[in-house]
Amino acid sequence: PLNPKIEAIIMLRTLSRPVRAALTCAPVSVRLYSSRTPPIFAFIGAGKMAEAMISPLLSCPIVGGGENPEVRISEISPEISKRVTEKFGIKNYTNMEELVEGTDMIVVAVKPQNVDALFSQLAPVLSSQKKKPIVLSICAGVPISKFSTNLNCSKIVRSMPNTPSMIQQGMTVWSKNPLGVFTDSEITLCKNFLASFGSEVMVTDEKFIDMATSISGSGPAYVFMLVESMVDTAVHMGFSREIAQKLVLQTILGSTLYAIDTKEHPTVLKNSVTSPAGTTASAMYELEKGRFKTVISDAVWACYRRSLEMGEQDSNVGPGRTSLPSSEFNDFDYRR
């Protein structure tokens with residue numbers, strides 16, 4: 001029999017997105033946010049990823065301690081603003097002070113190259129707030145220190161979600177500012193919020209955020225390229241594109257669920273498919289000859305180095321470089 005998590009994932013595939021969002025909004029085991037009133041979330045930037053985060057918030061009372069949170073946005077694009085406000089029935093704020101007033105969490109969802117301009121607008125507003133909100137960033141490569149220094153604020157959380165968050169199947173790695181003072185209730189709010197659109201892992205060292213960017217953050221693109229390659233080849237062989245895509249996507253989904261359910265090492269699972277002198281063995285030979293695993297590894301390292309560069313950190317890491325990141329994970333603290 002399948003474990004309950006796998007059965008739940010299979011069941012969710014048959015449901016509509018609103019129902020799926022409500023059922024996957026947070027693990028049953030998480031604690032409610034302790035507050036007399038529902039929390040207020042302010043999103044600066046309301047693009048696709050922010051939209052994916054807003055959707056479950058408005059149908060996920062567990063994040064608000066039993067009531068739906070209040071959600072505000074600040075979006076400069078008229079097109080995006082119109083789409084999001086009409087879709088969710090929320091307001092777009094053009095005044096930063098009105099946006100931030102009384103908020104529990106500010107979600108910074110702008111492009112990394114735009115954070116400096118944002119700091120100059122947000123810093124004076126934050127300084128005037130009696131209750132300091134949590135500032136949660138989803139900006140790739142921008143370190144916690146840059147936020148805390150420019151905003152003169154210690155309650156900074158850095159996170160790295162991924163695109164499957166748009167169907168509440170995301171993977172988000174996050175870390176809080178070690179110099180910030182967070183209450184247990186605020187940690188619970190962060191955890192519940194990030195769990196509302198998928199799974200979340202909290203790490204105590206920010207260096208794992210840059211690493212996670214190259215694994216779970218950009219990982220969907222690697223998978224989509226594999227899908228593209230297999231589908232195109234199947235079409236070349238003679239399948240219609242519709243059937244080719246169904247074959248490939250279900251194969252990848254089924255293989256992933258199988259790996260989760262069995263908890264076996266990938267090598268064991270691969271070998272279970274590979275018969276001596278068989279068809280899979282011939283395919284494996286070509287993949288090994290083409291350095292498949294090495295190419296994937298090099299791509300992940302390149303992504304990691306770029307994330308470090310964007311944060312103005314030393315990117316001279318990886319195979320053949322002068323330094324490697326620590327392999328000691330004693331400080332790796334994860335909570336699901």
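Coordinate-derived values only; no laboratory data. On a predicted model such as this, the values are computed, not experimentally measured, just so you know. No Cβ is skipped: glycine too gets one built from the backbone with ideal geometry, and neighbour counts run over all protein chains shown.
For the reader, a short list of remarks on this structure follows.
- When the C-alpha to C-alpha distance is required to be over 22 Å, the pairs from LYS155/LYS191; LYS48/LYS87; LYS111/LYS146; LYS176/LYS293; LYS131/LYS176; LYS87/LYS191 that qualify are LYS176/LYS293; LYS87/LYS191.
- Debye-sum result for the stretch 213-271 in log10 I(q)/I(0), which assumes one identical scatterer on each alpha carbon, at q = 0.13, 0.26 Å⁻¹: -0.43, -1.04
- Cross-link partners for LYS270 among the aspartates and glutamates, with Cα-Cα distance under 19 Å and sequence neighbours closer than 8 places in the same chain left out: ASP261, GLU286, GLU288.
- Calculated SAXS-style log₁₀ I(q)/I(0) at q = 0.22 Å⁻¹ - the stretch 87-172, Debye, Cα scatterers: -1.17
- For the stretch 125-246, pairs of C-alpha atoms spaced more than 26 angstrom apart make up 36 percent of the total.
- Relative counts (whole %) of C-alpha pair distances in the stretch 49-139, using bins that are 10 Å wide: 14, 49, 33, 3
- Separation of the GLU286 and GLN113 label points, Cα + 7 Å toward Cβ, nm: 3.9
- In this label model, LEU226 and PHE239 are separated by 1.5 nm, measuring between points 7 Å along each Cα→Cβ vector.
- Signed unit charges on C-beta, dipole axis of the stretch 171-330, positive-most listed residue SER307, ASN192, VAL223: VAL223
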